[in-house]
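Let me begin by presenting the structure, written as structure tokens, before commenting on it.
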Amino acid sequence: RGRYLQDGDLWLWRESAGPPVRATSLASPSPGILGDSDFTRPEAEVSSYAWAPDGRYIALHVDDRRNVRTVIFPEFLGEETAGVPLRRDYTGDNQATRSIVLYSVHDGRIAPVALPAPQERVVNVFAWSPDGAWLLLDQSSMDARDRWISIVTARDASIRELWHDVRERNSQLPASTWQSDGKGIVLVSDKDGRHHLYSLALEGGQPRQLTTGNWSVVGE
């Protein structure tokens, strides 16, 4: 079975079942078209996805800009200059909604995850545990002062916060992943002033520092 994104939705393809089929109906087309502009995007779309290792679920990141203001852009390439309406947010608007939904491969059921403040948080990382039972979420606030690490239960799409880090000044590197045994989270944080590796238990609490020194971790 294959999968890909097209026209703002998830498509699935089975070698023995004919052509690809549209698996979701979450997209909403752009109100206007302006050449290859980055603003000519669907008003709502599945922007990325992650398939669980056990094949049962696909996590979808959905961007919904239908509440973002509409701005008229000039189109100069036609016979006459025309105004094209496109969605364009400005600093301070924060009206785009970023959400996570779980798609069941077995029956096509879609279960939205009840993310807190979906217009105020950015989803930096979403990744499945090795057994496909949990989805890791690494989120930050728009001003990067807050960071949340949470896990989502695959069977019912419930979410549980493990750790909330808030500081007036930080330089967060939103990198996190599962331990190879799936029993905890490994993340990068600058809690001690430099970016280092930390481990976080699934029960929550404070992360345990794994690396120290006058140097920084810059990637996984």
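The values are calculated or read from the model by the stated rules, or taken from the named source; none is laboratory data. Values in this document were obtained by computation on a predicted structure and should not be read as measured data. All Cβ positions, even for glycine, are placed from backbone atoms using ideal geometry, and neighbour counts span all protein chains on display. Keep in mind that these areas ignore ligands, DNA and RNA; they rest on the heavy atoms of the full protein, side chains included. Shrake-Rupley method; radii C 1.70, N 1.55, O 1.52, S 1.80 Å.
Within segment 45-55, the only residue that satisfies the criterion of being among the charged types (D, E, K, R) and under 16 Å from L136 (Cα atoms) is D54.
Table: residues versus (1) outside any strand (DSSP E or B); (2) open to solvent by less than 60 Å² (accessible area, probe 1.4 Å); (3) without any contact (Cβ under 8 Å) to a residue 12 or more places away in the chain; (4) of a type outside the set (V, I, T).
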| site | (1), (2), (3), (4) |
| --- | --- |
| A50 | no, yes, no, yes |
| G55 | yes, yes, no, yes |
| H61 | no, yes, no, yes |
| P74 | no, no, yes, yes |
| E80 | yes, no, yes, yes |
| D89 | yes, no, no, yes |
| D93 | yes, yes, no, yes |
| L102 | no, yes, no, yes |
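Checking each residue in segment 156-179 for being part of a loop (DSSP other than H, G, I, E, B) and modelled with pLDDT of 95 or more picks out D156, A157, S158, Q179.
Of the residues that make up segment 132-140, is at least one open to solvent by 30 Å² or more (accessible area, probe 1.4 Å) and more than 27 Å from A117 (Cα to Cα)? No, segment 132-140 contains no residue that is open to solvent by 30 Å² or more (accessible area, probe 1.4 Å) and more than 27 Å from A117 (Cα to Cα).
Give the residues of segment 180-197 that are open to solvent by less than 50 Å² (accessible area, probe 1.4 Å), assigned to a loop (DSSP other than H, G, I, E, B) and closer than 23 Å to L102 by Cβ, sorted by residue number. Listed by number, the list holds a single entry, G182.
Summed over segment 128-150, the residues that are over 28 Å from D54 (Cβ atoms) and touching a residue at least 12 places away in the same chain (Cβ under 8 Å) give a count of 7. Might you let me know whether segment 119-126 holds any residue that is surrounded by 14 or more Cβ atoms within 10 Å (Cβ to Cβ), polar (S, T, N, Q) and on the phi > 0 side of the Ramachandran plot? The answer is no; no qualifying residue exists. When the criteria are applied in full, G108 fails the requirement of being in a loop (DSSP other than H, G, I, E, B), on the phi > 0 side of the Ramachandran plot and buried (at least 16 other Cβ atoms within 10 Å of the Cβ). In segment 116-140, which residues are of a type in the set (D, E, K, R) and part of a loop (DSSP other than H, G, I, E, B)? Answer for segment 116-140, where residues must be of a type in the set (D, E, K, R) and part of a loop (DSSP other than H, G, I, E, B): E120, D131. Just so you know, in segment 143-171 the residues that are more than 21 Å from K191 (Cβ to Cβ) and not β-branched (V, I, T) include one that is most open to solvent (accessible area, probe 1.4 Å), and it is R155.
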